[in-house]
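Written out below as structure tokens is the structure these notes cover.
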Amino acid sequence: MICDRPLLEVNALKKHFPIRGGLLGQVTAKVYAVDGVTFTIKRGETLSLVGESGCGKSTVGKAILRLFNLTDGEVYLNGERIDNMPGHRLRMMRQRVQVVFQDPFSSLNPRMKVRDILAEPLLNFGLVHGRKDLKDKIETLMDKVRLPRDAIDRFPHEFSGGQRQRIGIARALAPGADLIICDEAVSALDVSVKAQIINLLADLQDELGLALLFISHDLATVEHLTHRVAVMYLGKIVELADRRALFAAAHHPYTRALLSAVPVPDPLAKQQRIILKGDVPSPIDPPSGCRFHTRCPFAFDRCRSEEPVLNPVAEGHLSACHLA
Ligand code: SF4
């Protein structure tokens, strides 16, 4: 293990999906789902990837998990390159990187009891020594996610949405992962349950030193959980900053528009909502220059022809805007 490097390094990641048509099924266009995304995550850190639906954030998570091959770029875990790892070594990577999905009901086998759901990864990765050890480990996982031990022989449909998500988190913890990718993991939960799951993830991070990649369409959700935030728009990161810096002084016009929609706790506090014009353009034919120029209230000539790069606007705060 190379300890002075971040746990996860994503360098210039691209994922373009071909669209095939015609009689011969030739490639007629491409979906530029992710188009040059770079970030790192340290051990024990949470980085949130935030943006509207279709911005490519979930594709980044799937690319890290190697659910498909990258079009370009590199991904390193613990200093070891994993994006081109041969199939027989992917098992090691899958032990270190786990995922919690948005809908725990469809990601849990309805015919398996909690006991079997949690036993599966423990057995698959050869982490148990006998029946008693298996039972002890399952109960420890249930304790960690605060599920009652007498729930061990219940099926997923016997739980509430929040409890099902606790089972999903316990399953992700089972192999001893270093990094958990939470893909809209709390989006389907109501407000109070959402807060409980966020608190649980924060406690587990403190206890286990986990790194989290938290993928969400909602900036308000990540505010109390994350250390840093990367805002994505049409396949690119447009702003990346420490949580406090981003919420106090966002730089990019797109981030400022997203933040203006976050409810403030004080009903008397003045907040001007920024309504973006138009829809998100198609990732099949993204706009030239700055991809946000078709909706940006500050766009000027240069924005239409020259693509802005992520540049520092303060220490640890990057923004891709010609106004930087
Ligand atoms: Fe707006 Fe231009 Fe900045 Fe893009 S580069 S965000 S269009 S001002």
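The values are calculated or read from the model by the stated rules, or taken from the named source; none is laboratory data. What you see is a predicted model, and the numbers here were worked out from it, not measured in a lab. In this analysis, Cβ positions are derived from the backbone assuming ideal geometry, glycine residues included, and neighbour counts consider all displayed protein chains.
Going through the range 71-86 one residue at a time, which ones are part of a strand (DSSP E or B) and in contact with a strand residue (DSSP E or B) (Cβ under 7 Å, 6 or more places away or on another chain)?
Filtering the range 71-86 down to residues part of a strand (DSSP E or B) leaves 72-77, 80-81.
Matches in the range 71-86: 72, 73, 74, 75, 76, 77, 81.
Could you grab me the full set of residues in the range 222-236 that are at pLDDT 95 or above, of a type in the set (Val, Ile, Thr) and within 18 Å of residue 211 (Cβ to Cβ)?
Start the filter on the range 222-236 by keeping residues that are at pLDDT 95 or above, which leaves 226-236.
Checking which are of a type in the set (Val, Ile, Thr) leaves us with 226, 229, 231.
Matches in the range 222-236: 226, 229.
How many residues does the range 208-245 hold that are farther than 18 Å from residue 259 by Cβ and without any contact (Cβ under 8 Å) to a residue 24 or more places away in the chain?
0
Looking only at residues in the range 6-21 that are over 29 Å from residue 45 (Cα atoms) and among the hydrophobic types (A, V, I, L, M, F, W, C), which one is modelled with the highest pLDDT?
At the first step, the residues of the range 6-21 found to be over 29 Å from residue 45 (Cα atoms) are 17-21.
Those left that are additionally among the hydrophobic types (A, V, I, L, M, F, W, C): 17, 19.
Working: 17: 96, 19: 93.
Looking at the filtered set, the residue picked out is 17.
Need the failing condition index for residue 91 against (1) crowded, with 16+ Cβ neighbours inside 10 Å; (2) basic (Lys, Arg); (3) not in a strand (DSSP E or B), just the number.
(1)
Of the residues 154, 164, which is surrounded by 15 or more Cβ atoms within 10 Å (Cβ to Cβ) and in a helix (DSSP H, G or I)? Steps first, please.
Numbers: 154 fails: in a helix (DSSP H, G or I).
It is 164.
Yes or no, residue by residue, for (1) over 23 Å from the mean Cα position of the chain (by Cα); (2) part of a loop (DSSP other than H, G, I, E, B):
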| site | (1), (2) |
| --- | --- |
| 99 | no, no |
| 102 | no, yes |
| 106 | no, no |
| 111 | yes, yes |
| 128 | yes, yes |
| 137 | yes, no |
| 146 | yes, yes |
| 150 | yes, no |
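Residues to consider are 84, 78, 109; find the one that is closer than 25 Å to residue 155 by Cα and polar (S, T, N, Q). Show your work before the answer.
Details: 84 fails: closer than 25 Å to residue 155 by Cα; 78 fails: closer than 25 Å to residue 155 by Cα.
Exactly one residue qualifies, and that residue is 109.
State yes or no: is residue 116 more than 22 Å from residue 206 (Cα to Cα) and either within 25 Å of the chain's Cα centre (by Cα) or without any contact (Cβ under 8 Å) to a residue 40 or more places away in the chain (or both)? Spell out the reasoning first.
Details: more than 22 Å from residue 206 (Cα to Cα): yes; either within 25 Å of the chain's Cα centre (by Cα) or without any contact (Cβ under 8 Å) to a residue 40 or more places away in the chain (or both): yes.
Considered against the rule, which asks whether it is more than 22 Å from residue 206 (Cα to Cα) and either within 25 Å of the chain's Cα centre (by Cα) or without any contact (Cβ under 8 Å) to a residue 40 or more places away in the chain (or both), residue 116 comes out as yes.
When residues of the range 1-58 are filtered for being under 18 Å from residue 183 (Cα atoms) and free of Cβ contacts under 8 Å to residues at least 40 places away in the same chain, how many remain?
1
Considering each of 211, 257, 249 in turn, give the residue that is closer than 25 Å to residue 82 by Cα, of a type in the set (A, V, I, L, M, F, W, C) and either surrounded by 19 or more Cβ atoms within 10 Å (Cβ to Cβ) or out of contact with any helix residue (DSSP H, G or I) (no Cβ under 8 Å at 6 or more places or on another chain) (or both). So that I can check it myself, show each step before the final result.
Working: 257 fails: closer than 25 Å to residue 82 by Cα; 249 fails: closer than 25 Å to residue 82 by Cα.
After ruling out the rest, the residue left standing is 211.
Can we say residue 309 is free of Cβ contacts under 8 Å to residues at least 40 places away in the same chain, of a type in the set (A, V, I, L, M) and surrounded by fewer than 17 Cβ atoms within 10 Å (Cβ to Cβ)? Before the answer, list the steps.
Working: free of Cβ contacts under 8 Å to residues at least 40 places away in the same chain: yes; of a type in the set (A, V, I, L, M): yes; surrounded by fewer than 17 Cβ atoms within 10 Å (Cβ to Cβ): yes.
So residue 309 fits the description; yes.
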